[in-house]
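See below for the structure under consideration.
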Amino acid sequence: MDADTDSAEKWLSDTLPDLLREYDPDNIYNADETGLYFRATPDRTHAHASEAVSGGKKSKERITVLACTNMSGTDKKKLFVIGKSKNPRCFKNITSLPVDYRANKNAWMTSDLFIEWLVEWDRSLQLKKRKILLLVDNCPAHPTPPSLKSIKLMFLPPNTTSIIQPLDQGIIKCLKQLYRKSLCESILSKLESNPAEKADKLARQTTLLDAIINCASAWQKITSATISNCFRKGGFTVASDDDVYVEEVPVIPAPQGYNQDMFEEFSPQDENAELTAELQDADIVAAVRGTNETTPESDNDDDDDAEAEVCKPSITEALKSCETLMDFFKLNGDLDRYQKIQNLLSDIISTRPSKQSRLTNFFVRN
């Protein structure tokens, strides 16, 4: 469906100016979901001079990611990630995640999950005595929750998000490109040590935990300048911005060995992934009752082979890896990273369980 340019221009001229007078940029937020095929890679790379590495069949294993940030770019909220499995095997021994994680059978955003996320955020804002404006699209999974005290929820006009929603002006694109760059670099690193391996097989070994960690890392790399520029690109400008030069959204360089044009074309390939279902009568009843009857979480571990439990390295193996990294950085003159790994090594040693040595252990029995 084509974007409604007239409605977008009317909203920017009639509604937005009043909002900008009422709220300062630190308190104007935009949130939006996107689908992420977290195991998918570009078709090929020329990292190996002898032949192109085939990406094989594209993986459609998907998670839904809700991103939220303010207009100034000073507050990127922790990502809200929705998967299909409540207890994936790769989460074993993990006590905390760098994102907020929930699950249902379709890995979709639901009205219940959206309300849960909003209410929890509203409570934290009340404790800080803050009032904010949150702009979202009017998809079926975004109902108006009751009794929000610190969040003013406003829906953007239908069919205008591609024009005026800040997250759609390049923020989500940057998030996905940074994520995929990290994924490709990880695969290339493994291919260096095992050239006979297939890239698509290595991609399928990416676990949900890997995806969450890399996605959170990519989110942290997006700068406040990029975010504020994307808000301006969507028409969010204040008087002091009139004469400010707005840089284009930064181009994320393709991983070494990958073609830049191919990387650019591939990155948005999951932008049309399903994120929500059309509301049925049962969904409406469930939302009113505050239950999640229609999209229950899966209590079972993910059956995918890639989600098999990863063998936990021993402390000895971890120490050896740290020593190898220290030698690498030292011999390449990178003393800053050398010292960081040295500090990490000290932390591991200090927390390493050990048995009390006795003086008699150092003598040989006759």
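The values are calculated or read from the model by the stated rules, or taken from the named source; none is laboratory data. Remember, predicted model here, so these are calculated numbers, not experimental data. In this analysis, Cβ positions are derived from the backbone assuming ideal geometry, glycine residues included, and neighbour counts consider all displayed protein chains. Ligands, DNA and RNA are excluded from the accessible area calculation, which covers all protein heavy atoms including side chains. Shrake-Rupley method; radii C 1.70, N 1.55, O 1.52, S 1.80 Å.
Return the only residue of G257, G235 being at pLDDT 90 or above, farther than 22 Å from V65 by Cβ and in a loop (DSSP other than H, G, I, E, B).
Result of the check over G257, G235: G235.
Can you name the number of the only condition in (1) acidic (D, E); (2) at pLDDT 60 or above; (3) open to solvent by 40 Å² or more (accessible area, probe 1.4 Å) that D270 fails?
(3)
Consider T144 against the criteria (1) within 30 Å of P253 (Cα to Cα); (2) among the hydroxyl-bearing types (S, T, Y); (3) over 23 Å from the mean Cα position of the chain (by Cα): it satisfies all of them except one. Which criterion is unmet?
With respect to (1) within 30 Å of P253 (Cα to Cα); (2) among the hydroxyl-bearing types (S, T, Y); (3) over 23 Å from the mean Cα position of the chain (by Cα), T144 is out only on (1).
Return the residues of region 121-177 that are closer than 22 Å to V65 by Cβ, open to solvent by 70 Å² or more (accessible area, probe 1.4 Å) and not charged (D, E, K, R); say none if nothing qualifies.
Those that are closer than 22 Å to V65 by Cβ, open to solvent by 70 Å² or more (accessible area, probe 1.4 Å) and not charged (D, E, K, R): N138, S162.
Please count how many residues of region 49-75 are surrounded by fewer than 18 Cβ atoms within 10 Å (Cβ to Cβ), modelled with pLDDT of 95 or more and in a strand (DSSP E or B).
Qualifying residue count for the region: 0.
Each row is one residue, and each column tells you yes or no for (1) within 30 Å of P143 (Cβ to Cβ); (2) modelled with pLDDT under 75; (3) open to solvent by 80 Å² or more (accessible area, probe 1.4 Å); (4) in a loop (DSSP other than H, G, I, E, B).
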| site | (1), (2), (3), (4) |
| --- | --- |
| V244 | no, yes, no, yes |
| E247 | no, yes, yes, yes |
| A282 | yes, yes, no, no |
| G333 | no, no, no, yes |
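Conditions tested, residue by residue: (1) closer than 23 Å to I222 by Cβ; (2) free of Cβ contacts under 8 Å to residues at least 60 places away in the same chain; (3) in a strand (DSSP E or B).
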{"site": "E116", "(1), (2), (3)": "no, yes, no"}
{"site": "L133", "(1), (2), (3)": "yes, no, yes"}
{"site": "K149", "(1), (2), (3)": "no, yes, no"}
{"site": "P157", "(1), (2), (3)": "no, no, no"}
{"site": "E192", "(1), (2), (3)": "no, yes, no"}
{"site": "P195", "(1), (2), (3)": "no, no, no"}
{"site": "L202", "(1), (2), (3)": "no, yes, no"}
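Restricting attention to region 204-225, which residues are more than 15 Å from K176 (Cβ to Cβ), of a type in the set (A, V, I, L, M, F, W, C) and surrounded by 17 or more Cβ atoms within 10 Å (Cβ to Cβ)?
L208, L209
Which one of the conditions (1) surrounded by 21 or more Cβ atoms within 10 Å (Cβ to Cβ); (2) modelled with pLDDT under 95 does S189 fail to meet, given that it meets all the rest?
Only one criterion is unmet by S189, namely (1).
Of all residues in region 92-110 being of a type in the set (D, E, K, R) and assigned to a loop (DSSP other than H, G, I, E, B), which is farthest from A273 (Cα to Cα)?
K92
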